[in-house]
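Trainee: Have a look at this one before I ask anything.
The values are calculated or read from the model by the stated rules, or taken from the named source; none is laboratory data. What you see is a predicted model, and the numbers here were worked out from it, not measured in a lab. Methodologically, a virtual Cβ is constructed for each residue, glycine included, from the backbone with ideal geometry; neighbour enumeration extends over all protein chains shown. We work out accessible area using only protein heavy atoms, side chains counted, and drop any ligands, DNA or RNA first. Shrake-Rupley method; radii C 1.70, N 1.55, O 1.52, S 1.80 Å.
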Amino acid sequence: MMTNKVELYPGQRKSSRAVATIAKGSGKVRINNTPAELITPDIAKEMVLTPLTLVGDYRNKVDIDVQVHGGGFMGRAFASAVAISRALTGQEKGGKDPKEHPFTKSVREEIRKKITEYDRHLLSGDSRQTESKKFGGPGARRRKQKSYR
C-alpha cells in the first residue's frame with residue numbers, strides 16, 4: 001500500500017496541528033480516517049471543504065488524507081483546510097518543488113492563484129493566539145472596577 005516517499009503538508013491554527021498527504025485517486029478526502037462529508041458541525045465541514053470547492057474538477061483526481069489533533073473543532077477545521085490547500089498547491093517547507101505530486105506545475109500555480117484570491121490565510125496560515133489571562137481581573141485585559149468614594 002505504501003508508495004515510496006510521501007510528502008507531508010502541515011497546517012496549524014491555535015493549538016491544532018494537521019498533516020495532509022495527497023495521492024492520485026478519485027476525490028476521497030479523509031480527516032482522521034473519517035470521510036470529510038461526515039464532519040460535524042456543518043460550519044466546520046464547510047471550512048474543511050472550502051479549498052476543494054475552489055479547485056473545482058481537480059478534486060476528483062486526487063485523494064487527500066489528513067491527520068489532525070489538538071484544539072477545538074474550529075481550530076482543527078482551519079488547520080485541516082490549510083493542510084489541504086498546501087497539499088493541493090504542493091507548497092512544502094522550504095519552498096522546493098515536490099517530486100511526486102499528482103498535479104503538474106502549471107495546474108498547481110492555477111490552484112494557488114484561486115486559493116490566494118479567495119483567502120490568503122488558507123496557504124499562509126493564521127498565527128493569532130488567545131492572549132493569556134493576567135491577575136487582577138477576569139480576563140486578559142479587563143480589570144476589577146476601582147472606586148474612589
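Trainee: Only one of Asp42, Asp63 is acidic (Asp, Glu), at negative phi and open to solvent by 90 Å² or more (accessible area, probe 1.4 Å). Can you tell me which? So that I can check it myself, show each step before the final result.
Mentor: Values: Asp63 fails: open to solvent by 90 Å² or more (accessible area, probe 1.4 Å).
Result of the check over Asp42, Asp63: Asp42.
Trainee: Can Ser124 be described as polar (S, T, N, Q), open to solvent by less than 90 Å² (accessible area, probe 1.4 Å) and either modelled with pLDDT under 90 or farther than 21 Å from Ser15 by Cβ (or both)? Before you say what the answer is, go through the steps one by one.
Mentor: On the way: polar (S, T, N, Q): yes; open to solvent by less than 90 Å² (accessible area, probe 1.4 Å): yes; either modelled with pLDDT under 90 or farther than 21 Å from Ser15 by Cβ (or both): yes.
When the stated conditions are applied, Ser124 passes them.
Trainee: While we're on this one: In the list Glu100, Glu92, Glu109, which residue meets the criterion of being more than 15 Å from Glu7 (Cα to Cα) and acidic (Asp, Glu)? Quick ask: steps written out before the conclusion?
Mentor: On the way: Glu100 fails: more than 15 Å from Glu7 (Cα to Cα); Glu92 fails: more than 15 Å from Glu7 (Cα to Cα).
Sole residue among the options that is more than 15 Å from Glu7 (Cα to Cα) and acidic (Asp, Glu): Glu109.
Residue-by-condition table, conditions (1) assigned to a loop (DSSP other than H, G, I, E, B); (2) modelled with pLDDT of 90 or more; (3) open to solvent by 90 Å² or more (accessible area, probe 1.4 Å):
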site	(1), (2), (3)
Val55	no, no, no
Leu88	no, no, no
Ser132	yes, yes, no
Phe135	yes, yes, yes
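Trainee: Taking interchain pairs and intrachain pairs at least six residues apart, which have beta carbon atoms under 6 angstrom, with the first residue in the stretch 48-77 and among the charged types (D, E, K, R) and the second assigned to a strand (DSSP E or B)?
Mentor: Short answer, once both residue conditions are applied: Asp63/Ala23; Asp65/Thr21; Asp65/Arg30; Arg76/Ser16; Arg76/Val68.
Trainee: Something else now. Return yes when Thr104 is in contact with a Leu (Cβ under 8 Å, 6 or more places away or on another chain) and farther than 25 Å from Pro35 by Cα and no when it is not. It would help to see each step written out before you state the result.
Mentor: On the way: in contact with a Leu (Cβ under 8 Å, 6 or more places away or on another chain): no; farther than 25 Å from Pro35 by Cα: yes.
It is false that Thr104 is in contact with a Leu (Cβ under 8 Å, 6 or more places away or on another chain) and farther than 25 Å from Pro35 by Cα.
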